[in-house]
Structures are given as C-alpha cells and as structure tokens.
Amino acid sequence: MVHVKKGDLVRMEYTGRIASTGQVFDTTDESLARQAGIFEQAASYGPKLAVFGANTIVKGIEEAIAVSQIGKGEEFLISADKAFGSKR
C-alpha cells in the first residue's frame, strides 16, 4: 500500500458534514453545494491541491490522509479539536 509523505502534493475532493446532523458545511462538489444551500458564486469547485505536512490541511484530515491509500475514497470522523474547534 502506498501512502503520502511530507512534502507530497495531494489532490483531494471532499465534503464536510456536521456529524450530529449530516448537514454539509463545505464541499468541493458544486452540485452538492447547490443542493445543500451553501453554493458561493466566487468559490472554485473541484479537486483542491495542498502540500502534505506543511500545515495547510486541517490536522484531522491530514492524519486521516496519512493512513489512507492513494486513490481510494475514504470516509472518516474528525473530532472538533483536530478540526475547527468546538462550536460555542
């Protein structure tokens, strides 16, 4: 199994949902953004590029990518402390 390493350029498509409700709060899928009522005209939809290990990816997502297989879709739960923090 091949994994990413620090400095690799990763291309990812994702949909972020609130675990308790399933509500979509972010996505790279334009049609899903429209369906969820979060579409933004100025946003750029489609795969996103980031440098792995350069603190440009949410910590919990980076940890999940580290143990995922390249090219395989994954679904995972990220705790608030490894994402955007607790909602106040």
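The values are calculated or read from the model by the stated rules, or taken from the named source; none is laboratory data. Since we're looking at a predicted model, the values are computed, not measured. Neighbour counts are summed over all protein chains in view; Cβ atoms, including those assigned to glycine, are modelled from backbone coordinates with ideal geometry. These area figures cover heavy atoms from the full protein model, side chains too; ligands, DNA and RNA do not enter into them. Shrake-Rupley method; radii C 1.70, N 1.55, O 1.52, S 1.80 Å.
Report the calculated FRET efficiency for Phe84 and Arg11 (r = Cβ-Cβ distance, R0 = 22 Å), to the nearest 0.05. Efficiency, from the Cβ-Cβ distance: 0.50.
Ligands, DNA and RNA left out, the 1.4 Å accessible surface of the chain is 50% carbon and sulfur atoms. When each of the peptides 39-48, 4-13 is scored by the mean number of other C-beta atoms lying within 10 Å of its residues, the order from highest to lowest reads 4-13, 39-48. Each label point was placed 7 Å from the Cα along the Cα-to-Cβ direction; for Val58 and Ile18 their separation is 1.3 nm.
With the simple model of a label 7 Å out from the Cα in the direction of the Cβ, Ser31 to Phe76 spans 2.7 nm.
The residues neighbouring Val58, those whose beta-carbon lies less than 12 Å from its own, together hold a net charge of -1 under the Lys/Arg +1, Asp/Glu -1 convention. Extents of the chain, taken as max minus min of Cα coordinates on every principal axis and listed largest first, are 36, 28, 21 Å.
Straight-line cross-link partners of Lys72 among the lysines, defined as a Cα under 18 Å from its Cα and at least 8 positions apart when in the same chain: Lys5, Lys48.
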